[in-house]
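The next block holds one structure in the form of structure tokens; read it before the comments.
The values are calculated or read from the model by the stated rules, or taken from the named source; none is laboratory data. Bear in mind the structure is a predicted one, so any value in this text is a computation, not a measurement. Don't worry about glycine lacking a Cβ; one is built from the backbone with ideal geometry, like all the others, and counts go over all protein chains shown.
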């Protein structure tokens, strides 16, 4: 008995489907076998059973001490200056809006006078720079006691006014219980400090204000 055309077509479709399923089984089985083999090999390498095919030595950088900026030495037997006798400008070199104003308020709480609050033209990456004339290093150290990790920079100014440039590393003004200078004791000279005359930078005039940026960072 001859099969009808419909039966022949159905039989052909079933054979094609069977062959396709066989091919898919072979392909997927091969992929799974390769993945299992790779996982077993990686596990053996990780456990130290099988040596790694490549052994690339990574050279670790040698430990280096962080570079520290040189501070000017305080005058011999110089004592901290009364906060009430100090006047400062506060300059914000960061993009943090309101940082200068908040810092100025914290400084005023210690009794210092703040003449102006403005923006600095260039970003400073440290905590803060304290710009001071060579004759007023004692004032700079007194102000520096308020700001952790601040750097004293001697410039060509002749007046006692101090500029504080807040940098990206600045956090906050020290509280009264965090101050380290004793008003009754001379200011201790930090290790490695040098004569202020040797550090005087005529380019640091403290004129870092940029009125156009006043609203952004102050």
message = Going by what's in this entry, would residue 143 be described as assigned by TED's automatic domain parsing to the domain that holds residue 181, more than 26 Å from residue 192 (Cα to Cα), at pLDDT 95 or above and touching a strand residue (DSSP E or B) at 6+ places or on another chain (Cβ under 8 Å)?
response = no
Across the range 132-163, the tally of residues that are part of a loop (DSSP other than H, G, I, E, B) and in contact with a helix residue (DSSP H, G or I) (Cβ under 6 Å, 6 or more places away or on another chain) stands at 2
- Message: Any residue at all in the range 180-194 that's at pLDDT below 95 and on the phi > 0 side of the Ramachandran plot?
- Response: yes
(1) crowded, with 18+ Cβ neighbours inside 10 Å; (2) out of contact with any strand residue (DSSP E or B) (no Cβ under 8 Å at 6 or more places or on another chain) all hold for residue 148 apart from (1)
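Listed here are the residues, each with its yes/no results for (1) assigned to a loop (DSSP other than H, G, I, E, B); (2) buried (at least 22 other Cβ atoms within 10 Å of the Cβ).
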site	(1), (2)
74	yes, yes
84	no, no
97	yes, no
101	no, no
106	no, no
115	no, no
118	no, no
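For the range 172-190, what are the residues that are more than 16 Å from residue 77 (Cα to Cα) and exposed (fewer than 11 other Cβ atoms within 10 Å of the Cβ)?
Of everything in the range 172-190, those that are more than 16 Å from residue 77 (Cα to Cα) and exposed (fewer than 11 other Cβ atoms within 10 Å of the Cβ) turn out to be 176, 177, 180.
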Discussion item. Against the definition (at pLDDT 95 or above and assigned to a helix (DSSP H, G or I)), how does residue 213 come out, yes or no?
Written reply: no
